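See structure below.
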């Protein structure tokens, strides 16, 4: 790390700290704050003579001491969502860009299998990923009767069983109308599904830490449900005593889910204020998604993750969330491709990646630092993370010095 990089980390964390409302301990994310504190301690060699740095270390230490004494928890972030690994690895974000029309189906080549993959019937971005995180968590809570299942509950035994199921689902016997307002017969259709979830606007808002209106939630669910994929999907399958990921080559286009809703509260002017939703994972892609979750093929995200800039969320999903590597090396071209960045100006591209992805990830404690180096294939970024025990050590070491 260079002196300049240490200063940038310090200034970023100090800015976040200074903008906290008073009393500061009531407005922090406990885990992120502790991670940032560990980051501040790790750059002490570069800033030990800086009085502002000393003041920040002391202020953060006092907050952590207060939290430890009173056992105060941040009520806004007392749960986490699950995020299915296969989806994060293979779903390519596709966004609408000005003066760049997209013709569907859009295709790309899977880098590991060299197979052509497709997305059809709509765009896909961070909010769609968020929807799948939340729906996946709902499914696990439903299967575990309000607890996460302790043991794996796989749907498929091998790749052949997935192929057979895909053929069975090739002839749907029910078509949800759009908009999918339902009657009691429609509700019975969902209740007969083996893998479905039921929730309200309020529950969706809680698990996304959002203030979306009922119409916003409805539109987001509808948008997410319409997008179709034909891709190579990694499936966690039991092989002997161990579970391993195997690639399933989808033969048909498939959506993640079907859904319907019931209007519950309507204002006098006709505006719908509250709805109930039924979501069924009765497609081949939906059942593979459910299978991976029930096979414990998931990671965790904090609700605050969804407040990060678009590029930061995509970067974390595509490169980091599904592994524990302390050092990840990525070429500039690889990052641009995975984040669907099309700026041909290299300087602008680098600035976008740093400002919109890497620095926000540092601020939230999801990465520790990054470096840039020139390599054989051009510029590369080296992303660094701390081990959990290293993070705890840095915090404890700093507390001892206060």
Using just the helices of the chain, give the 222 nm mean residue ellipticity in deg cm²/dmol: DSSP H runs with n ≥ 4 each add -39,500 (n - 2.57), and the total is spread over all residues, rounded to 500. -12500 deg cm²/dmol
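If you rank 99, 170, 299, 216 by fewest surrounding Cβ atoms within 10 Å, what's the result? List each step's numbers first, then the result.
Working: 99 4, 170 11, 299 18, 216 15.
With the fewest neighbours first, 99, 170, 299, 216 line up as 99, 170, 216, 299.
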Three semi-axes of the equivalent ellipsoid, region 81-301, Cα gyration tensor, whole Å, largest first: 28, 22, 17
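For region 3-76, compute Rh as the Kirkwood radius over C-alpha pairs and then the Stokes-Einstein diffusion coefficient at 25 °C and 0.890 mPa s; write the answer in µm²/s, rounded to an integer.
On the way: Rh = 12.7 Å.
Once the numbers are plugged in, D ends up at 193 µm²/s.
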Cα pair distances in region 116-244, grouped into 10 Å bins until the bin that holds the longest one, percent each: 9, 31, 41, 17, 2
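May I ask you to sort 198, 291, 377, 368 by Cβ crowding, counting other Cβ atoms within 10 Å and putting the fewest first? Show your work: numbers first, answer last.
Numbers: 198 16, 291 26, 377 10, 368 22.
The order, fewest Cβ neighbours first, is 377, 198, 368, 291.
Calculate how large, on average over all directions, the projected area of the Cα convex hull of the chain is; give the answer in nm² to one decimal.
Values: hull surface 95.0 nm².
So the mean shadow area of the Cα hull is 23.7 nm².
Under the 0.36 nm per residue contour assumption, what length would be gained going from the current alpha-carbon distance of residue 343 and residue 21 to full extension? Please report the intermediate quantities before stating the final value.
Values: separation 322, 0.36 × 322 = 115.92 nm, distance 3.73 nm.
Using 0.36 nm per residue and subtracting the Cα-Cα distance, I get 112.2 nm.
Any chance you could run the full-extension gain for residue 103 through residue 183? It's 0.36 nm times the residue separation minus the Cα-Cα distance, nm to one decimal. Mind showing how you got there, number by number?
Numbers: separation 80, 0.36 × 80 = 28.80 nm, distance 3.57 nm.
Roughly 25.2 nm would be gained on extension.
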Take every Cα-Cα distance within region 248-402, group them into 5 Å bins from 0 onward, and report for each bin the whole-number percent of pairs it holds. 2, 7, 12, 13, 13, 13, 12, 11, 8, 5, 3, 1, 0, 0
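A short reminder: the numbers here are calculations on the coordinates, not readings from a lab. Just so it is clear, the model here is predicted, and its values are computed rather than measured. All Cβ positions, even for glycine, are placed from backbone atoms using ideal geometry, and neighbour counts span all protein chains on display.
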